[in-house]
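What follows is calculated from the coordinates using simple rules that are stated; it is not laboratory data. Predicted model, so just to flag it, every value in this text is computed and none were measured. When we count neighbours, we look across all protein chains shown, and the Cβ atoms used for this are built from the backbone with ideal geometry, even at glycine.
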Amino acid sequence: MRVTHLSNYHLFGGAAVAANRLHRALQKQVWTANSIESTMLVGVPNRLEKHRPEPGVLYLANNFLAEQTAFGRFVAERLYFLPHERDPSVRFQFSPAKFGANLNFHPAIQQADVLHLHWINFGFLSIDGLRSLFALQKPIVWTLHDQWAFTGGCHYSRGCDHFLSHCRNCPYLKKPGEHDLSDKVFDQKKALFHNARVHFTPPSHWLAREAQRSALVREFPFTVIPYTIDQLAFRPMDRVEANAQLNLPDTGETSTGRSPRLLFGSANVTDVRKGFKQFAEALILLNQQHPNLTPEIILFGKGRSYLFNELPYTVRHLGLLTAEEDIVAAYNAADAMVVPSLEDNLPNTVIEAMACGTPVVGFRTGGIPEMIDHQQNGYLADVGSVQQLADGLAFILTHPNLNELRQNARQSAEIRFSEDVVARQHIDLYQKMLNDRLIE
């Protein structure tokens, strides 16, 4: 069985990381009845990651000219949206999918028994390109990494429910109206999905419920399969070793106890959806209400918020971490991971932290409540409640048995996100789709 995964990026961004981890997990599977050959076809390396050779990973843009062409599609896509955007803050939150590559004649597509779509925006696949792939009549699995597949173009609806009936009057657009860009894209997707045969695999039950409420894809089959992670790579490690890996000072034991650390990480620290502002406000409350607690704050990710200088605690910004061993060290250097996302699917940061035995404090939104067991392996706060977020930080920092929380976090990751469990769920689905096709 040959499966080809389609992802715009290889290792940049949460969706690409999740897709690549699934690809790796499938490559490790040895079945007695069926063998599986997993290939990942990547649109273009992000400028921050460059080419990273890896077995089974093919770059569509595999030379200078192809990279320039791919970049041209990305630019064309952004320029097409530019006259419509409400303001620069939504520039990368809406994808019209006007421009993309034609993949039908690529060997990885031609030879595949199953095509598995992941995050395919930003000039990788257009709606026309998706239509051409659907026309090949190969079984299509589509992992929903956000809401884009069933909206008029936005990746997260941010409370707008127009996708339940028909997108229009879009809050992302400069001139929302009955026949705005979201209305046009919605109609294009409606035509795309007419008589299409796609099986959606949202990683969270929250995203599955959202999709099943939508006008575009509610009639399609769904199977909720979470992301996976290599738990030999993401594992608990000695705190001193973690500090040394990142050149962090060893907090050690003091007369008032060990100085604790809180970790916040995101691909882009300034992304409003990731909730750094709420985290900063919670830290100010924590300082006011628990003056005896003096945690250090560790941050990783692209960008730098003006709020860094306003935090009442020592801040250590590690920048963008691209090496896996550095990311693992960051989780292990912290007492808790803070994920204050205002809207999210199934954040990799939560999975990674738990696999490293680091409890997580986050908002009760999207798929996050499916990952955190309140006060067992972390803490859940109501969405947007800065006070409850501060309470969650205090819960971790004053917990009498932090090792118990850490053990619970690791155990949760082993049960829910192991490579064997998640890979076999996908293999079962691929095989069923192929069998159903033979019966027809």
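Less than 5 angstrom separates the built amide H of residue 58 from those of 40, 41, 42, all sequence-distant by 5 or more or on a different chain. Amide H to amide H, with H built 1.01 Å from N, residue 2 comes under 5 Å of 37, 113, 114, counting only residues 5 or more places away or on other chains. Distant-in-sequence amide contacts of residue 345, defined by a placed amide H-H separation under 5 Å and a gap of 5 or more residues or a different chain, comprise 367. Within the shell defined by Cβ-Cβ distances under 9 Å, the residues around residue 29 carry a net charge of 0, with Lys and Arg each +1 and Asp and Glu each -1. Couplings 3J(HN,Hα) for segment 409-426, derived from phi with the Karplus relation 6.51 cos²θ - 1.76 cosθ + 1.60 (θ = phi - 60°), are 4, 4, 5, 4, 5, 5, 6, 9, 10, 5, 4, 4, 5, 5, 4, 5, 4, 5 Hz, where x marks Gly and Pro.
For segment 172-178, putting each phi into the Karplus relation 6.51 cos²θ - 1.76 cosθ + 1.60 with θ = phi - 60° gives couplings of 7, 9, 5, 10, x, x, 5 Hz, in residue order, rounded to whole numbers and with x for Gly and Pro. Taking Cα pairs under 8 Å and at least six residues apart, what relative contact order does segment 264-380 come out at, in percent? Rounded, it is 23 percent for segment 264-380. Farthest towards the positive end of the charge dipole of segment 193-343, among the residues 204, 194, 336, is the Cα of 194, using unit charges on the Cβ of Lys, Arg, Asp and Glu. Shape class for segment 239-416, computed from the alpha carbon gyration tensor (a ≥ b ≥ c): rounded, with a/c under 1.5.
Using the alpha carbons alone, the radius of gyration of segment 108-239 stands to its Kirkwood radius in an Rg to Rh ratio of 1.04.
Each Lys and Arg adds +1 at its Cβ and each Asp and Glu adds -1 at its Cβ; summed about the Cα centre, the chain shows a dipole of about 1040 debye. In the chain, Cα pairs under 8 Å separated by at least six residues give a relative contact order of 13 percent. What the phi angles of segment 374-384 give under the Karplus curve with 6.51, -1.76 and 1.60, with θ = phi - 60°, is a coupling list of 3, 6, 10, 10, x, 8, 10, 10, 4, 4, x Hz, glycine and proline written as x.
Among the listed pairs 184/302; 98/189; 175/302; 274/302; 28/274; 138/190, those whose Cα-Cα separation exceeds 23 Å are 184/302; 175/302; 28/274.
With no solvent and one point per C-alpha, what does the Debye sum give as log10 I(q)/I(0) for segment 73-141 at q = 0.19 Å⁻¹? Here log10 of I(q) over I(0) equals -0.74.
Using a cutoff of 8 angstrom between alpha carbon atoms and counting only pairs six or more residues apart, the relative contact order for segment 69-143 works out to 36 percent.
Simple point charges give the picture: +1 on the Cβ of Lys and Arg, -1 on the Cβ of Asp and Glu, and for segment 239-416 a dipole about the Cα centre of about 240 debye. Label-to-label distance, residue 244 versus residue 215, with points set 7 angstrom from Cα along the beta-carbon direction: 6.1 nm. Each of 372, 137, 418 was scored by the projection of its Cα onto the charge dipole of the chain, and the greatest displacement toward the positive side belongs to 137; charges sit on the C-beta of Lys, Arg, Asp and Glu. With Rh defined as the Kirkwood radius, the inverse of the mean 1/r over Cα pairs, the Rg/Rh of segment 296-391 is 0.95. Compactness check for the chain: Cα Rg over 2.2 N^0.38 Å is 0.99.
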